[in-house]
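The values are calculated or read from the model by the stated rules, or taken from the named source; none is laboratory data. A quick note: this is a predicted structure, and the numbers were derived from the prediction, not measured. Note: ideal-geometry Cβ built from the backbone for every residue, glycine included; neighbour counts use all protein chains shown.
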Amino acid sequence: MDGDLDGFDRQLGDRLKALRTRRGLSLADVASEIGISYQQLQKHEAGRNSLTIHRLVRIANALEVDPQTILEVLTSPDGQGELSRFVPLQRLGERHRLLKAYFALPEEIRSAFLNLIEGTAATS
C-alpha cells in the first residue's frame, strides 16, 4: 500500500461501508448526521475521494466506533487488525459508548470505577 493512495482510499472506503452496513445505517443516515450529502459519502466509500481526519472522526462518531477501528485493518500487515477479535463488541459500538459514558462521570466516580474494574480483572 506504500505510495498507493488510490488503493488506500478504496480500502478505507470498503471499511467504512462495511461498518455502516453492519450497523444497519443507510448512506443518507450517516451523511445527514455528519453534515454532507449522501453522494459525497458514497464517493468516500467508493474510494474516489480522500477523507480528511476531521471527517474520518465525524464518521467514526456517527458509526459509534473510534477512528482506530476504521483504520486498524488498513495498517496491519496481515489485513486482520490487532483488534479484530473485538468485532462483535465494535459492531454494537459498546467501546465507544463505554468511553463516552466513562468520561461523562465526575472524576471521583471515574477513579472508583477504574479501581473496581482493575481489581476485578486482576482476580479473573
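Points worth noting:
- One residue stands out among those in region 1-16 that are out of contact with any His (no Cβ under 9 Å at 6 or more places or on another chain) and surrounded by 15 or more Cβ atoms within 10 Å (Cβ to Cβ): the one that is farthest from residue 72 (Cα to Cα), which is 10.
- In region 38-86, residue modelled with the lowest pLDDT [restricted to those that are in contact with a His (Cβ under 9 Å, 6 or more places away or on another chain) and not in a helix (DSSP H, G or I)]: 66
- Check on residue 22, under 17 Å from residue 96 (Cα atoms), at pLDDT 85 or above and surrounded by fewer than 18 Cβ atoms within 10 Å (Cβ to Cβ): yes
- All conditions but one from (1) assigned to a helix (DSSP H, G or I); (2) surrounded by fewer than 15 Cβ atoms within 10 Å (Cβ to Cβ); (3) modelled with pLDDT under 85 apply to residue 111; the one that does not is (3).
- The numbered conditions (1) polar (S, T, N, Q); (2) modelled with pLDDT of 90 or more; (3) assigned to a helix (DSSP H, G or I) are all true for residue 90 except (2).
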